[in-house]
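Beneath this line is the structure, given in structure tokens, with notes to follow.
The values are calculated or read from the model by the stated rules, or taken from the named source; none is laboratory data. As the structure is a prediction and not an experimental result, all values here were calculated from the model. Positions of Cβ are generated from backbone atoms using ideal geometry, with glycine treated the same way; all protein chains shown enter the neighbour counts.
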Amino acid sequence: YHFNRQARNNFWNSRLYAEIVQCQMTVRTRTHDLLLNTLPETIVKEIAAGNTRFVRRYAAASVLQCDLEGFTALSATRSPQQVLNLVSDLFDTFDAIAGKYGVDKVKTNG
């Protein structure tokens, strides 16, 4: 009886351990994805490597701020899917241009 009880406990403990590991992996993946949405990939890699104290100096930096004139009026005459497609295409274009010129894009709001 004692052997069977220990075997059952071992089985349930191993299942619990597997679930905990899976949850940790899910949280780690979600955290990584969230960081990639807000920080440049190079910074995320440094954080993942344990380096949380770093400073970088840039000789030049630019900020792009874009206001879509007439967007509110336009979006009122389009379906939500059409508006989403328009904004998505615009952001994809910005991302492609940034990638072409090796720009570190920090954040996109919209």
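The table for this structure:
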{"quantity": "Boolean, L74 is surrounded by 10 or more Cβ atoms within 10 Å (Cβ to Cβ), farther than 28 Å from R30 by Cβ, out of contact with any Phe, Trp or Tyr (no Cβ under 9 Å at 6 or more places or on another chain) and not assigned by TED's automatic domain parsing to the domain that holds L34", "calculated": "yes"}
{"quantity": "Test set (1) surrounded by fewer than 10 Cβ atoms within 10 Å (Cβ to Cβ); (2) more than 22 Å from I97 (Cβ to Cβ); (3) among the charged types (D, E, K, R) - R28 fails condition number", "calculated": "(1)"}
{"quantity": "Candidates V87, V44 - the one that is within 20 Å of G99 (Cβ to Cβ) and at pLDDT 90 or above", "calculated": "V87"}
{"quantity": "I20, sole failed condition from (1) among the β-branched types (V, I, T); (2) farther than 30 Å from A98 by Cβ; (3) outside any helix (DSSP H, G or I)", "calculated": "(3)"}
{"quantity": "Total residues in region 42-73, condition free of Cβ contacts under 8 Å to residues at least 12 places away in the same chain and in a helix (DSSP H, G or I)", "calculated": "6"}
{"quantity": "Which numbered condition G102 fails, given (1) within 18 Å of the chain's Cα centre (by Cα); (2) at positive phi", "calculated": "(1)"}
